[in-house]
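Okay, so here's the structure we're looking at.
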Number of protein chains: 2
Amino acid sequence: MTQLVTISVDAMGADDGPVIAIDGVEAILARKPGQAMRFLMHGDEAQLAPLIAAKSEAVRNTIEIRHTDSEVRMTDKPSEAVRRSRGSSMWNALISVKEGEAAAVVSAGNTGALMAISKVVLRMKKGVHRPAIAASWPTVKGHTVVLDVGANVECSASQLVEFAIMGEAYHRAVHGSSNPTVGLLNVGQEELKGNDTVREAARLIQDAHLKLNYYGFVEGDDISMGQTDVVVTDGFSGNIALKTAEGAVKLVAAWMRESFTSSMSAKAGAALLSINGLKQLRTRLDPRSINGGVLLGLNGMVIKSHGGTDGEGFATALGIGVDLAPSHFLSEIEGNLARLADANDAEMAKEPAE
Amino acid sequence: MTQLVTISVDAMGADDGPVIAIDGVEAILARKPGQAMRFLMHGDEAQLAPLIAAKSEAVRNTIEIRHTDSEVRMTDKPSEAVRRSRGSSMWNALISVKEGEAAAVVSAGNTGALMAISKVVLRMKKGVHRPAIAASWPTVKGHTVVLDVGANVECSASQLVEFAIMGEAYHRAVHGSSNPTVGLLNVGQEELKGNDTVREAARLIQDAHLKLNYYGFVEGDDISMGQTDVVVTDGFSGNIALKTAEGAVKLVAAWMRESFTSSMSAKAGAALLSINGLKQLRTRLDPRSINGGVLLGLNGMVIKSHGGTDGEGFATALGIGVDLAPSHFLSEIEGNLARLADANDAEMAKEPAE
């Protein structure tokens, strides 16, 4: 048995209600039979208790209900959410991490509210202005960390540098690479080398003081090809890239179904799809298998699940929390941020001489 | 036999040289046996003549060499290219369209130079500031026109409106829809409704005077799902979306190969992949089958092929030109632009009263 990992859960965030979180616990227990886990389930006890009671003893034993009277709504603006969220399931779930009771928090709630409340409860790490959401993107070589995938619609060059710093530390801690390569997402034509922000970010990241393994600009197709370990972009382009890739994968899956149906009997097609290798393909093509973005830059681990996911998808987000718990990514990020501060000091000292 | 279509070709633009254009003609003849075609091949006769001589009589008969002494290089900046490009294969290929000899021009050359030289030779349509590159994106429902996919890295709200106007006309003319829906690409979280430009563009497009069938914001995954007939975005996000989707499709294709190999003997896998339905799947997954973006906003049809394509990919770009030739998309765009001018006049007339 590995060490017990405790995850704090905002049970009220998913579009389909608290059943998603409870089904998620059931699914993650099935996926990680050797891992000891405990879940602090923040939400409405009246709704949670019967859902939990209907599950097996193993599931019931890992869940501890933490009753809350209120919840953050999907329609709340971040500023409103912060004002009226004290005591909500989201707020209290974050408090469990702040107080050291849980290693990470998982929420499928309102993204903007989660970011804003996380900043208030957990505080930003020194040197970071706003959290970024990082996705672990499957590639032909393994995983590439892509950030920001939706937290910051407009980013300055210095924010992109913060993302590079945090993404590099995250990749090192989570995917075990010793010196991850970092690319900046850009458009490819030689004569269109992106906007001013991207060019300025490239200049800053290449600064010798940062000691980042900077690869250069990458294009959209380089992400899935695993050209670099980390891909940095603003939250607008990153969100569009992530969702466009999800759409393209869904399209190919639809084409595959169509081809199997048109080229052989339904029975033969079904038999074919039950072959082991194709089962793995089906899992890989399932968007629920890559659900969960990590908010970087906070003093604590916060994982955002898609709001519209089901129990299997929520389990994937819970699994990220369980896997991150023993990693050193928070301290890795701190180390990198200290490097960034040094680089900024050096830059400041240099400027008058120019 | 359908009506003869004449396409003007910049034979010197592809990364692998003029052989790509000649192979492309051979491939498109094979794909469209019922279509009468003629190709004005602009480039270095010394290189072209032996390549053409090696082909079948059918291929030889459709190609007319138009010798040029110079070519635009991939490294030329657009401004340089315009100055020194007179008499180059790209310039002369555009002249053939301007003078009405050819219905469209196809080039795999430097994108920025092609845009700049097209503007000089063909001129912009009244009311359009810069050309946009439109891609016909395969979806579960058919095709969605996505623009801009790389011509304009930074776009104003009014440029996005021009793209909507042109994309809608293009979809109507080419894909035959009577009242295409138009979406604006944005990020999905409710609380992050995109940047100021996207919001302002939405306001302008919804203007009653434009009479566009505006759907609203769409997200990345909506593109491949065919949520709208037209998706409008700036060239930075559009280029990233297009290439990211290409990368995701390549990743899935790699996973498929792996699954087939691991789940059955190589021989059985190969036999399976030769089944008709799966052949179609393979074609659909082949990036060469969607090569070619159309430059919209010019007084003439210009098709940009990927520089790094081969003969099969170049044939796809040639095929777009052949298919567009009988369409009315240039006059459709003009009609829409007149509507835009009326809307702008109405807006101007309205403003003092506010």
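Numbers at a glance
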read-out: Selection count where residues are at the interface with chain B (Cβ under 7 Å from one of its Cβ atoms) and of a type outside the set (D, E, K, R), scope the range A:218-234; value: 4
read-out: Odd one out for A:E57 among (1) more than 14 Å from every other protein chain (Cβ to nearest Cβ); (2) under 25 Å from the mean Cα position of the chain (by Cα); value: (2)
read-out: Verdict on A:D310 being modelled with pLDDT of 90 or more and either facing chain B (nearest Cβ under 7 Å) or more than 30 Å from A:V128 (Cα to Cα) (or both); value: yes
read-out: Boolean, B:V128 is in a loop (DSSP other than H, G, I, E, B), touching a residue at least 60 places away in the same chain (Cβ under 8 Å), more than 14 Å from chain A (Cβ to nearest Cβ) and of a type outside the set (G, A, S); value: yes
read-out: Qualifying position, being within 14 Å of chain A (Cβ to nearest Cβ) and not in a strand (DSSP E or B), among B:N92, B:N152; value: B:N152
read-out: Test: residue in the range B:50-62 that is part of a loop (DSSP other than H, G, I, E, B) and in contact (Cβ under 8 Å) with a residue 24 or more places away in the chain; value: yes
read-out: Test result for A:V182, surrounded by fewer than 24 Cβ atoms within 10 Å (Cβ to Cβ) and either away from chain B (no Cβ under 14 Å) or part of a loop (DSSP other than H, G, I, E, B) (or both); value: no
read-out: Criterion (modelled with pLDDT of 95 or more, over 18 Å from the mean Cα position of the chain (by Cα) and assigned to a helix (DSSP H, G or I)) met by exactly one of B:A27, B:A21; value: B:A27
read-out: Cβ-Cβ under 7 Å pairs, at least 6 apart or on other chains, the range A:203-224 side in contact (Cβ under 8 Å) with a residue 60 or more places away in the chain, far side of a type in the set (V, I, T) and assigned to a strand (DSSP E or B); value: A:I223/A:T144; A:I223/A:V146; A:I223/A:V231
read-out: Yes/no for A:L48 being of a type outside the set (D, E, K, R) and over 19 Å from A:V322 (Cβ atoms); value: yes
read-out: For B:S107: the one exception among (1) surrounded by 21 or more Cβ atoms within 10 Å (Cβ to Cβ); (2) out of contact with any Leu (no Cβ under 6 Å at 6 or more places or on another chain); (3) within 14 Å of chain A (Cβ to nearest Cβ); value: (2)
read-out: So B:L281, is it touching a helix residue (DSSP H, G or I) at 6+ places or on another chain (Cβ under 7 Å) and modelled with pLDDT of 80 or more; value: no
read-out: Selection from the range B:151-164 of residues that are under 16 Å from the mean Cα position of the chain (by Cα) and among the aliphatic types (A, V, I, L, M); value: B:A151, B:A164
read-out: Flag for A:I165 being within 12 Å of another protein chain (Cβ to nearest Cβ), buried (at least 24 other Cβ atoms within 10 Å of the Cβ) and either within 22 Å of A:P326 (Cα to Cα) or of a type in the set (A, V, I, L, M) (or both); value: no
read-out: Filtered residue count, the range B:63-74, keeping only those that are within 14 Å of another protein chain (Cβ to nearest Cβ) and either surrounded by fewer than 20 Cβ atoms within 10 Å (Cβ to Cβ) or outside any loop (DSSP other than H, G, I, E, B) (or both); value: 2
read-out: Residue match in the range A:206-213 (condition: assigned to a helix (DSSP H, G or I) and over 30 Å from A:A341 (Cα atoms)); value: no
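A quick yes/no check of all residues on (1) surrounded by 13 or more Cβ atoms within 10 Å (Cβ to Cβ); (2) under 28 Å from A:G112 (Cβ atoms):
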residue	(1), (2)
A:P33	no, no
A:M41	yes, yes
A:Q47	yes, yes
A:I52	yes, no
A:K55	yes, no
A:D76	yes, yes
A:R86	yes, yes
A:A93	yes, yes
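The values are calculated or read from the model by the stated rules, or taken from the named source; none is laboratory data. The structure displayed is predicted, hence computed values, not measured ones. Note that each Cβ is placed from the backbone with ideal geometry, even for glycine, and that neighbours are counted across all protein chains shown.
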